[in-house]
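The values are calculated or read from the model by the stated rules, or taken from the named source; none is laboratory data. All of these numbers come straight from a predicted model, not from anything done at the bench. Glycine also receives a Cβ, built like all others from the backbone with ideal geometry; neighbour counts cover every protein chain displayed. Note: areas computed on protein heavy atoms with side chains; ligands, DNA, RNA excluded. Shrake-Rupley method; radii C 1.70, N 1.55, O 1.52, S 1.80 Å.
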Amino acid sequence: MRLDLVSIFPEFFDVLDLSLIGRAQQDGLLQIRRHQLREHTTDRHRTVDDTPTGGGAGMVMRPEPWALALEGVLADVTPDPAEAAEPAPDSARPTLIIPTPAGAVFTQSIAEDLARREHLVFAAGRYEGIDQRVADWAQERFEVMPLSIGDYVLNGGEVAVIAMVEAITRLIPGVIGNPVSLEEESHSDGLLEYPVYTKPALWRGLPVPEVLLSGDHARIAEHRREQQLRRTREIRPDLYARHLAQRGDHLA
Ligand SMILES: COc1ccc2nc(C(=O)O)sc2c1
């Protein structure tokens, strides 16, 4: 998978060179390219923003630097310049993810879908956002996905990009050492994960649940499933209701 990350603060993404994602890049499982949006401006001050048309507080990101940056990404992956300038068939278009509070909420199932794609481009905005015409213009060249990582507002898209890139790329085969661990995580089956314990069996007067010491794998599996259902019902009743609708198994 190739990822292109465009921002006025590309150094935010240096964190992606650490740990498992850093190693995945070294192993050739991922290619992450960072781009400085200001390199696609033409004025001396490398201006990327302007006042909002129609008035209002703050500044809006100008469309032209974004179009030039995104065309640069397309040209880099489309050897034939004539082809890069043309609208692409749906199957060939890269995915353009625009982090925004006004986007669909990013979920594990979206992460699983995006993890199967070959080329993701992220446009990390700042200020009050990116001129809407960039997303409109990009429709012919990308599958455009406005996404939010939650019902709160950040100062810009970079933190959302990092969160989404980690959630997506960890699902790529070979990135996580033990793929079995992916199967038992929160949200992997629509439920929150069960509580986990390790040694010592008694810690500051607090024991681990006896069943986990029994060696009876069937009882342990049943206990863990019950803990998942209990936790999900108590902490995320919305997910629990969806699970009931889909699966039918539930606590007595
Ligand atoms: C201007 O760019 C922004 C600003 C806030 C923001 N908040 C997000 C979120 O997912 O909460 S994405 C995002 C992008």
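Over the chain, accessible surface divided per residue gives 58 Å², non-protein components excluded, 1.4 Å probe.
Here the chain has 52 percent of its accessible surface on carbon and sulfur atoms, given a 1.4 Å probe and all protein chains in place. Secondary structure note: in the chain, about 15% of the DSSP beta bridges are antiparallel. Filter the trypsin sites (Lys or Arg not before Pro) in segment 109-181 to those in DSSP coil with at most 12 other Cβ atoms within 10 Å of their Cβ, and list the result. For trypsin sites (Lys or Arg not before Pro) across segment 109-181 that sit outside H, G, I, E and B with at most 12 neighbouring Cβ atoms in 10 Å, the list reads Arg116.
For trypsin sites (Lys or Arg not before Pro), the sites in segment 171-252 that DSSP calls loop and that have at most 15 other Cβ atoms within 10 Å are Arg204, Arg247. Using a cutoff of 8 angstrom between alpha carbon atoms and counting only pairs six or more residues apart, the relative contact order for the chain works out to 19 percent.
Pairwise inverse Cα distances across segment 2-169, averaged and inverted, put the Kirkwood hydrodynamic radius at 16.4 Å.
Here the Karplus relation 6.51 cos²θ - 1.76 cosθ + 1.60, evaluated at θ = phi - 60°, turns the backbone of segment 151-159 into coupling constants of 8, 7, 10, 9, 7, x, x, 4, 5 Hz, with x for every Gly and Pro. Between the exposed loop cleavage positions of the chain, defined as chymotrypsin sites (Phe, Trp or Tyr not before Pro) in a non-H, G, I, E, B DSSP state with at most 15 neighbouring beta-carbon atoms within 10 angstrom, the longest gap is 1-151. Backbone geometry of segment 198-215 corresponds, through the Karplus equation with coefficients 6.51, -1.76 and 1.60 at θ = phi - 60°, to 3J(HN,Hα) couplings of 9, 6, x, 5, 10, 10, 6, x, 10, x, 7, x, 3, 4, 6, 9, 6, x Hz, x marking Gly and Pro. Taking Cα centre as origin and charging only the Cβ of basic (Lys, Arg, +1) and acidic (Asp, Glu, -1) residues, the dipole magnitude of the chain rounds to 840 debye.
Each part gets one Cα centre, and for segment 1-50 versus segment 97-121 those centres are 17 Å apart.
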